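Engineer: I'd like to ask some things about the structure below.
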């Protein structure tokens with residue numbers, strides 16, 4: 001892809017933010033009945049709170065609170081420990097994940113300027129120390145509700161490939177590319193492609209995977 005000048009990048013980033021505000025506000029207005037219905041169902045089925053909040057790294061790695069609809073209960077064992085995710089995931093939660101309705105509250109993150117409609121997904125804070133210098137570039141743009149990696153396999157991708165796609169987007173994103181990603185995301189949501197509603201089906205934690213890789217490398221070098 002042809003390299004763009006800093007001036008063009010600046011203009012595109014500003015225009016991207018305007019589009020985020022307009023599209024985010026429009027989607028919230030149109031989807032308000034859906035948001036209220038889902039909130040009522042979550043409150044009735046799982047109780048308070050309706051929203052799940054978690055600190056995630058945003059632009060330049062700065063932390064922010066990510067919003068989602070709750071999909072799991074807070075059930076605990078006899079020792080007071082939370083049950084495994086797979087046991088706490090409710091039927092409603094499974095449906096919300098399979099339709100991506102649990103992600104709708106992130107439109108508020110978009111309006112606050114913490115996220116974009118399109119960008120690399122905001123991952124866990126604990127992953128920050130495991131990125132390579134090249135992979136850190138994924139934080140040079142705002143994280144998104146959907147992204148380049150999401151339309152190329154989502155949770156089914158190996159971590160190295162997923163992060164490489166994030167960096168490629170950060171270095172090459174354009175308004176035209178964002179429109180392409182939005183169109184493909186809409187189609188994938190309708191077909192439920194790449195969705196893993198069961199937490200037992202998602203990829204292993206990236207930090208654990210890389211610790212295991214480092215341990216294997218150290219073991220091979222010591223032989």
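The values are calculated or read from the model by the stated rules, or taken from the named source; none is laboratory data. Since we're looking at a predicted model, the values are computed, not measured. So basically every Cβ, Gly included, is an ideal-geometry build from the backbone, and we count neighbours across all protein chains shown.
Engineer: Mind checking which pairs have a first residue in the stretch 141-156 that is over 21 Å from residue 23 (Cβ atoms) and a second that is modelled with pLDDT of 90 or more, Cβ under 7 Å, 6 or more apart or different chains?
Structural biologist: Hits for this filter: 152/165.
Engineer: Which count do you get for residues in the stretch 60-113 that are more than 25 Å from residue 146 (Cβ to Cβ), in contact with a helix residue (DSSP H, G or I) (Cβ under 6 Å, 6 or more places away or on another chain) and surrounded by 14 or more Cβ atoms within 10 Å (Cβ to Cβ)?
Structural biologist: Of the residues in the stretch 60-113, 1 are more than 25 Å from residue 146 (Cβ to Cβ), in contact with a helix residue (DSSP H, G or I) (Cβ under 6 Å, 6 or more places away or on another chain) and surrounded by 14 or more Cβ atoms within 10 Å (Cβ to Cβ).
Engineer: Those residues that are assigned to a loop (DSSP other than H, G, I, E, B) and either under 22 Å from the mean Cα position of the chain (by Cα) or surrounded by 11 or more Cβ atoms within 10 Å (Cβ to Cβ) (or both), I need them from the stretch 45-59; list them, please.
Structural biologist: If the condition is that a residue be assigned to a loop (DSSP other than H, G, I, E, B) and either under 22 Å from the mean Cα position of the chain (by Cα) or surrounded by 11 or more Cβ atoms within 10 Å (Cβ to Cβ) (or both), then 47, 49, 50, 58 are the ones that fit.
Engineer: Moving on. Whether any residue in the stretch 118-133 is assigned to a strand (DSSP E or B) and under 14 Å from the mean Cα position of the chain (by Cα) is what I want to check.
Structural biologist: yes
Engineer: While we're here: Report yes if some residue within the stretch 68-84 is part of a strand (DSSP E or B), under 23 Å from residue 166 (Cβ atoms), under 18 Å from the mean Cα position of the chain (by Cα) and without any contact (Cβ under 8 Å) to a residue 40 or more places away in the chain; otherwise report no.
Structural biologist: yes
Engineer: Looking only at the stretch 154-207, which residues are outside any helix (DSSP H, G or I) and at pLDDT below 75?
Structural biologist: Within the stretch 154-207, 192, 193, 194, 195, 196, 197, 198, 202, 203, 204 qualify.
Engineer: Turning to a different aspect of this structure: From 118, 42, 38, grab the single residue that is touching a strand residue (DSSP E or B) at 6+ places or on another chain (Cβ under 6 Å), in contact (Cβ under 8 Å) with a residue 40 or more places away in the chain, buried (at least 21 other Cβ atoms within 10 Å of the Cβ) and over 30 Å from residue 179 (Cβ atoms).
Structural biologist: Of 118, 42, 38, the one residue that is touching a strand residue (DSSP E or B) at 6+ places or on another chain (Cβ under 6 Å), in contact (Cβ under 8 Å) with a residue 40 or more places away in the chain, buried (at least 21 other Cβ atoms within 10 Å of the Cβ) and over 30 Å from residue 179 (Cβ atoms) is 42.
Engineer: Restricting attention to the stretch 1-38, and to residues there that are touching a helix residue (DSSP H, G or I) at 6+ places or on another chain (Cβ under 9 Å), in a helix (DSSP H, G or I) and under 20 Å from residue 167 (Cβ atoms), which single residue is modelled with the lowest pLDDT?
Structural biologist: For the stretch 1-38, the residue satisfying everything is 12.
Engineer: Of all residues in the stretch 135-145, count the ones that are in a helix (DSSP H, G or I) and under 19 Å from residue 103 (Cβ atoms).
Structural biologist: Here the count works out to 1.
Engineer: Separate question: With the checklist (1) part of a helix (DSSP H, G or I); (2) touching a helix residue (DSSP H, G or I) at 6+ places or on another chain (Cβ under 6 Å); (3) closer than 30 Å to residue 14 by Cβ in hand, flag the one item residue 148 doesn't pass.
Structural biologist: All conditions pass for residue 148, except number (1).
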